1. How big is the dipole moment of region 52-103 about its Cα centre under a simple scheme where the beta carbon of each Lys and Arg is +1, that of each Asp and Glu is -1, and everything else is neutral? Debye, nearest 20, please.
2. Any chance you could give the angle, 0 to 90 degrees and rounded to 10, that helix 248-267 forms with the longest Cα principal axis of the chain?
3. Residue farthest toward the positive end of the dipole of region 171-271, with Cβ of Lys/Arg at +1 and Asp/Glu at -1: which of 176, 258, 232?
4. Does region 142-271 come out rounded, prolate or oblate, given a ≥ b ≥ c as the square roots of the eigenvalues of its C-alpha gyration tensor, rounded meaning a/c under 1.5 and, failing that, prolate meaning a/b above b/c?
5. Identify, among 23, 57, 166, the residue whose Cα sits farthest towards the positive end of the charge dipole of the chain, taking +1 on the Cβ of Lys and Arg and -1 on the Cβ of Asp and Glu, with the dipole about the Cα centre.
6. Please report the relative contact order for region 1-84, taking Cα pairs under 8 Å with a sequence separation of at least 6, and give it as a percent rounded to a whole number.
7. According to the square roots a ≥ b ≥ c of the eigenvalues of the Cα gyration tensor, what is the shape class of region 28-183, taking rounded for a/c under 1.5, prolate for a/b larger than b/c otherwise, and oblate for the remainder?
8. Can you match Cα Rg over 2.2 N^0.38 Å to one of these, (i) 0.94; (ii) 1.42; (iii) 1.30, based on a calculation from the structure here?
Amino acid sequence: MDNYDDSTLEELAAMVCGDEPGMKRRAGWELVPFLRRAGWEDVPDHDGSPRHRWVHTILRERQEDQAGDTERVILRLANRREYQQQPADYDAVIQRLQEVLALEGRRIDYRKGQPFLIEYDPDEPPRPQRVELKVAITDIVSDPDLARAVQLRLDEARICQEHGAYTSAVIMLGSLLEGVLVHAADVRNATVPLPRPARDTRLQELIQHAHTNQWIDQDAKMASDLLRTYRNLVHPLAEKRAKHSADFDTADLCWSTVNAVLNDLAASNPQ
C-alpha cells in the first residue's frame with residue numbers, strides 16, 4: 001500500500017473533523033470511536049489538542065507504522081453507515097473525498113453497497129453507472145418456486161461476474177431475462193396477446209411483447225435486444241463469427257439491462 005501525500009492526510013483530517021460547511025462535524029470525544037469503527041486498533045485517547053492537528057498527526061504516525069490504516073479511514077468516511085442520522089452530509093463528504101483521492105490516482109467505488117478503493121486515471125472517460133436493481137424478485141414473480149430459481153440465477157451470475165467468468169454471467173442473465181418474461185406473459189392480462197404459448201416463444205418476441213403491452217420501457221427493450229445478441233455467445237461458433245468474447249464491460253452492460261427490465265416489470269405489475 002503506497003503512502004499518501006501529506007496534503008492528502010490534511011484533507012482527510014479535515015473530513016474526519018467535519019468543520020467544513022455541509023459535512024458531518026465530530027466533536028473531540030467522537031474522534032476515537034470513529035477511528036475504532038474504521039478498524040483501527042490501540043487508538044490513543046484524544047489529548048485535548050485541536051482536533052484537526054491531532055487527527056493529522058495520528059494519520060501521519062499510522063501511515064508510517066500501520067499499513068492500511070489510512071485506507072481504513074478513507075473507507076469509513078465513504079461508508080453510508082456513518083451518516084444514517086444526517087444522510088445529507090454524505091454527499092458533501094464523498095464529493096470532496098473523490099476530488100482528493102483523484103490526485104492520488106484512486107477513487108471510491110461500491111460493491112454490494114460497500115465502498116472500496118480502485119485505481120483511477122482522470123484521463124480515462126468515466127465508466128457509465130450501472131442501473132441498480134431496486135426491487136425484489138418476489139415483486140415480479142408470483143410463483144415461489146420460480147422466484148427462488150430466478151434469484152439463484154441472479155446470485156450465480158454475480159458470482160461469475162466477480163470471478164471473471166463473463167460469458168457465463170451473460171448466459172445466466174439472458175436465461176434469467178427469458179424466464180421472467182415468460183412468466184409475465186403467462187400471468188398478466190395482455191392488451192396484445194402472443195400468437196403462441198409463451199414457453200414456445202423466442203426471446204426476441206417476448207421482449208417485443210413486454211414492450212407492446214407497456215410492461216417495459218423503450219430503453220429496456222433496446223438494451224434487452226442487445227443482451228439477446230450477447231446471450232447467443234453460448235454457442236462457440238457464434239462467438240467465433242462475432243470475433244468477440246464477453247468481457248467485464250459486456251457483462252456490466254447486461255447487468256444494467258436485466259436490472260432495468262426487472263425494475264420496469266415491478267413498476268408495471270398490476271398486483
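1. On the way: 8 positive and 9 negative charges, 23 e Å.
So the dipole magnitude of region 52-103 works out to roughly 120 debye.
2. 70 degrees
3. 232
4. Details: a/c = 1.91, a/b = 1.53, b/c = 1.25.
Since a/c reaches 1.5 and a/b is larger than b/c, the shape of region 142-271 is classed as prolate.
5. Sorting the options by dipole projection puts first 166.
6. Working: 68 pairs, mean separation 27.6, N = 84.
Taking the mean separation of contacting Cα pairs over the length of region 1-84, I get 33 percent.
7. Numbers: a/c = 2.78, a/b = 2.17, b/c = 1.28.
It is prolate, given that a/c is not under 1.5 and a/b is the larger ratio.
8. (iii)
Each reported figure results from applying straightforward, stated rules to the coordinates on display, with no laboratory input. These figures come from a predicted structure and were not determined experimentally. Note that we place each Cβ from the backbone using ideal geometry, even for glycine, and neighbour counts take in every protein chain shown.
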